[in-house]
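Just so it is clear, none of the values below were taken in a lab; they were calculated from the coordinates. All of these numbers come straight from a predicted model, not from anything done at the bench. Here the Cβ is made from the backbone with ideal geometry for all residues, glycine too, and neighbour counts use every protein chain on show.
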Amino acid sequence: MTQVQFNTAILDMQNRLLFFALSLTSDQEKANDLLQETFLKALTNRDKFIQNTNFKAWIYTIMKNTFINEYRKNEKKKNAFNRANQDIHLKIQNERNSPSPESGYDSKEIIKSIKALEEEYRIPFEMFLDGYKYKEIAEILDIPLGTVKSRIFFARKKLEKTLKGYVS
C-alpha cells in the first residue's frame, strides 16, 4: 500500500472511527482527541501494517488500545495521592482522642510541599507518582535513566526534610 493509498484509507475511516471513539469516551472532545491520537499512531506505525490484511481491524485495534492505555493511566493518577503517602513514608497518626501535631498535615500541605520542589526534581517525582516507570520518565524528559532515579531519590529526601517529624 502506497503512502497515498494509506492516507486515503485512513481518511475514509474518519467518520466511522469518530463514531467508535464517541462510543468509547461518551464525550465529543475526548473522542476527537482519541481520533487524532489514533491517526498519529497509525501514520507513525505505517510500516507495521501488513499488506493484504484487514486495514479496518488494524486501525480499530489501534484506537481501542489507545483508549485502554489512557484509561489505565488516568486510573493510576487517581491513586497518586495514596502512592505519595507510601513513597515518601509519611507517618500520620489517626488518634481521635488527642490529636497529634502530625494530624495537622493534610493532603493540601503535602501537595504544597511537593509543588515547592525545584522543577528538575518535582517533574520526575510527580510523573513517578502518576504511575510512569523510570524508563518512561527518562524517555519523555530525554534524560539518562540514572538521572531520573537520583532526582526522584533526592526529591524524597527533600520532602522528608520539609516534612521533618512526620516521616517514618
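A few comments on the model shown:
- Extending 7 Å from the Cα toward the beta-carbon at both D27 and E160 defines two label points whose distance is 3.8 nm.
- Taken one residue at a time, the phi angles of segment 23-33 give Karplus couplings (6.51, -1.76, 1.60, θ = phi - 60°) of 5, 7, 9, 6, 8, 4, 5, 5, 5, 5, 4 Hz. Gly and Pro are set to x.
- Over 26 Å between alpha carbons, listed pairs K48/K76; K108/K135; K77/K112; K76/K149; K64/K112: K48/K76; K108/K135; K64/K112
- Applying the criteria of a DSSP loop state and at most 16 other Cβ atoms within 10 Å to the chymotrypsin sites (Phe, Trp or Tyr not before Pro) of segment 7-78 yields F49.
- For segment 3-77: Kirkwood Rh in Å [reciprocal of mean 1/r, alpha carbons]: 12.7 Å
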